[in-house]
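Participant: Encoded as structure tokens, here's the structure I'll be asking about.
No lab work stands behind these numbers, since they all come straight from the coordinates. Computed from a predicted structure; not experimentally measured. As a convention, Cβ positions derive from the backbone with ideal geometry for all residues, glycine included, and neighbour counts pool all protein chains shown.
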Amino acid sequence: MNKFLLSEKQIKLVENAIAFHEDTRGYYYFYPRSYASGRRSKEREMNAYAVNETIDCSEVLKTKTKPVKITIKQSYEESCKNVYVVSQVFVNEKKSTFLKLKNILNNLVE
């Protein structure tokens with residue numbers, strides 16, 4: 001049951017962001033594709049999975065705590081020699097961690 005009436009779409013968005021982060025944590029060990037078309041194909045595939053959204057939980061949480069605004073920025077790029085994965089979380093405009101995002105999600109959904 002949804003404790004704070006957070007929409008299923010918002011819950012799925014946060015879960016996808018956490019999954020992307022966990023799946024791509026060690027990607028700096030990987031080598032990029034050897035051809036440009038392969039690199040762009042992989043970028044399209046991974047960026048379709050990445051999340052770039054802002055979730056405003058102000059209405060949901062206004063009776064329990066101060067307003068919470070979660071911004072998630074993720075991207076995947078390949079150059080000729082490197083793989084770049086950016087996965088950032090901002091809670092109330094301050095840089096945060098995915099561990100804190102998991103804790104927020106657990107508090108919002110029970």
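Participant: To the nearest 20 debye, what charge dipole does the stretch 8-99 have about its Cα centre, counting +1 at the Cβ of each Lys and Arg and -1 at the Cβ of each Asp and Glu?
Facilitator: Numbers: 16 positive and 12 negative charges, 41 e Å.
The dipole of the stretch 8-99 has a size of about 200 debye.
Participant: Could you order the peptides 45-55, 14-24 from most to least packed, using the average number of other C-beta atoms within 10 Å per residue?
Facilitator: In descending order of packing, they fall as 14-24, 45-55.
Participant: Same structure again: Taking 7 Å along the Cα-to-C-beta vector as the label spot, tell me the residue 40-residue 27 distance in nanometres, rounded to one decimal.
Facilitator: Each label point lies 7 Å from its Cα, and together they span 1.9 nm.
Participant: Next question. Can you return the lysines within cross-link range of residue 69? Criterion is Cα-Cα under 20 Å, with same-chain partners fewer than 8 residues away left out.
Facilitator: 3, 9, 12, 94, 95, 100, 102
Participant: Another question about this same structure. Given points 7 Å out from each Cα along the Cα-Cβ axis, report the residue 53 to residue 19 separation in nanometres with one decimal.
Facilitator: 1.2
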